[in-house]
């Protein structure tokens, strides 16, 4: 195959995919910008977004609270470290002397499924920087088997859409870092422990990483064609000075090292505390010497000054994740069923039952996905072909999914009244937020409202807004004059809303 003198990225991509198979993914850096936007303009826009960072630690913590349940200490430490890091970057952009600044790279400890990765993902999303997550076990010292740690930095450029400058402000998250710990008495060549630590040490300090990997065939082909077209090679590198590194792991066995160091007497005051509380205390006492004894090099640990621990989750935490987290897995299942025109609702009992089963999985919050996938497997397969348009998941559904599915298929309208009650909850919440007044619909009211809405070919919320249009003003006056802020709406109220409101007002002025 002959090449044109002018470098053609698409031609090279097609050639490599034809030679090595269509599964080969080829990317070119820096990427070609969209017409009308130069690379410099695109880069400047993103960099300005980073340099406009003006969050306070408490604001970041509040943002993380929306997504991650528990882990209060971790959120506080991470929020402060991230603010320090990006405020430092702002200062450097104003030509302040930054040579003596020590970057606050982070060690994040905790068992699997407690939200470590999710915390960092949401931090990166808030700041607006590229984020790369990888497992430490896939890398080895350059020249041996496995990946090259420099690939982490190149992947940042990929995540930044080819914007090298933006990539230089990104976040690298390396999980399972505890697997790199190597006992001092290991003999022979180490291709997975100390060698990788030394490679990461170089990145965490400050170095220039070449954009093209010497071991990547596509990169070298691109370099060859560029040389053929231009007669020279433009050397592109990425500086790691401002890249924030966060490493994490379960660190199994580290608590025993800490316990030996501080001695039994110092942990005696914990008394009858639970195992989880004792473990949290021990991890909170972790020092550099403990990590060194665990198998890390002193220089490596010295570049990770911020140490924070995430707690194991309990049943109540799983319940709160399902009910309150903006990243709740239940939202995904709601979207999945809605794609078939089916609405799904969850009772608190159902969420507690799912939480209890998730804890038995012993995989942290990932257990919620495992439980839900088993629970809804047949529902997803069967219901799209049946007239069911809505259903409610309760504890009985979680404990007997097959039986409740058969009931639902036999009676597609089985949960209709309960679904109406869920929809009315939205009206109740809006009323409380707007007027500070609690209204509650009884089951008989929900049944009657549902029937009347269907007769008028309306959805129940639209029907309620029309039926109770005078209630906002009337109940607000009652609240101000009597202090009463809670009202129950039953079937008699639905039959005669104006008369009921008038009666409440008369009763107030007796």
Self-check item: Residue in the stretch 467-476 that is touching a strand residue (DSSP E or B) at 6+ places or on another chain (Cβ under 7 Å) and farther than 29 Å from residue 345 by Cα present
Solution: yes
Practice problem: Look at residue 291 and say whether it is part of a helix (DSSP H, G or I) and either more than 25 Å from the chain's Cα centre (by Cα) or free of Cβ contacts under 8 Å to residues at least 12 places away in the same chain (or both). | Solution: yes
Quiz item: Out of all the residues in the stretch 493-503, is one or more closer than 30 Å to residue 376 by Cα and not assigned by TED's automatic domain parsing to the domain that holds residue 343?
Solution: no
Self-check item: the stretch 432-441, residues that are surrounded by 13 or more Cβ atoms within 10 Å (Cβ to Cβ) and without any contact (Cβ under 8 Å) to a residue 40 or more places away in the chain
Solution: 432
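The values are calculated or read from the model by the stated rules, or taken from the named source; none is laboratory data. Fair warning: this is a prediction, and the values are worked out from it, not measured in the lab. Note: ideal-geometry Cβ built from the backbone for every residue, glycine included; neighbour counts use all protein chains shown.
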